[in-house]
Amino acid sequence: MTRKVRRFSGGVYDLGLHVVWCSKYRRPVIAGPVAERLEQLIRSKADERGWEIITVEVMPDHVHLFVKHDPKASASYVANQFKGYTSRVLREEFPHLKSRLPTLWSSSYLAASAGAVSADTVQRYIDTQWERPWKKKEEDA
């Protein structure tokens, strides 16, 4: 995947988030037409917010989502936008989801930042700032 940096008035950003959430009690209720509709809803919510879906995988009892989002959206906001919207619409469209579960999604989720470089690379870059060639030239002057 090539890196695509986005711009806004205050700077540039490239924020990726891996979000995972599960159905209540991990019940395998996300299958067939429900799974297809869930993926459509996830994509429409991302379009509405201006976020980019890199990949989405809908499993019978959980969802994996890799999304690029704007810097003003926190990880919890991103996760809750997808969970709240999809729960409301799916439970309206598929009545069996109301009868089998008190809520569609578990209250918890995983949100992990994902970038183009590893944490070790960033740490090494920061730790070696004073070793840059232009820094050594300034010290010699």
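The values are calculated or read from the model by the stated rules, or taken from the named source; none is laboratory data. Since this is a predicted model, take the numbers as computed values, not measurements. No Cβ is skipped: glycine too gets one built from the backbone with ideal geometry, and neighbour counts run over all protein chains shown.
If we keep just the residues of segment 100-124 that are assigned to a helix (DSSP H, G or I) and at pLDDT 75 or above, which is farthest from HIS18 (Cα to Cα)?
Checking each candidate, the answer is ARG100.
Across segment 27-42, a minimum of one residue is classified as under 27 Å from ARG7 (Cβ atoms), in contact with a helix residue (DSSP H, G or I) (Cβ under 7 Å, 6 or more places away or on another chain) and free of Cβ contacts under 8 Å to residues at least 60 places away in the same chain.
Considering only residues in segment 4-16 that are part of a strand (DSSP E or B) and under 20 Å from the mean Cα position of the chain (by Cα), the one that is nearest to VAL58 (Cα to Cα) turns out to be GLY16.
Yes/no per residue for (1) in contact with an Asp or Glu (Cβ under 8 Å, 6 or more places away or on another chain); (2) more than 23 Å from VAL12 (Cα to Cα); (3) surrounded by fewer than 11 Cβ atoms within 10 Å (Cβ to Cβ):
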{"residue": "SER44", "(1), (2), (3)": "no, yes, no"}
{"residue": "LYS72", "(1), (2), (3)": "no, no, yes"}
{"residue": "ALA79", "(1), (2), (3)": "no, no, no"}
{"residue": "PRO95", "(1), (2), (3)": "no, yes, yes"}
{"residue": "LEU110", "(1), (2), (3)": "no, yes, no"}
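Collect the residues in segment 61-120 that are among the β-branched types (Val, Ile, Thr) and touching a residue at least 40 places away in the same chain (Cβ under 8 Å), keeping them in residue-number order. Across segment 61-120, the qualifying residues are VAL63, VAL67, VAL78, THR86, VAL89, THR103. Flag not set for LYS24, criterion: under 30 Å from ALA119 (Cβ atoms), at pLDDT 95 or above and buried (at least 17 other Cβ atoms within 10 Å of the Cβ). ALA79 satisfies every condition listed in (1) within 16 Å of SER106 (Cα to Cα); (2) in a loop (DSSP other than H, G, I, E, B) except (2).
To keep it simple, each residue is scored yes or no on (1) farther than 18 Å from SER76 by Cβ; (2) part of a strand (DSSP E or B); (3) of a type in the set (Val, Ile, Thr).
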{"position": "HIS18", "(1), (2), (3)": "no, yes, no"}
{"position": "TRP21", "(1), (2), (3)": "no, yes, no"}
{"position": "VAL29", "(1), (2), (3)": "yes, no, yes"}
{"position": "ALA35", "(1), (2), (3)": "yes, no, no"}
{"position": "GLN40", "(1), (2), (3)": "yes, no, no"}
{"position": "ASP47", "(1), (2), (3)": "yes, no, no"}
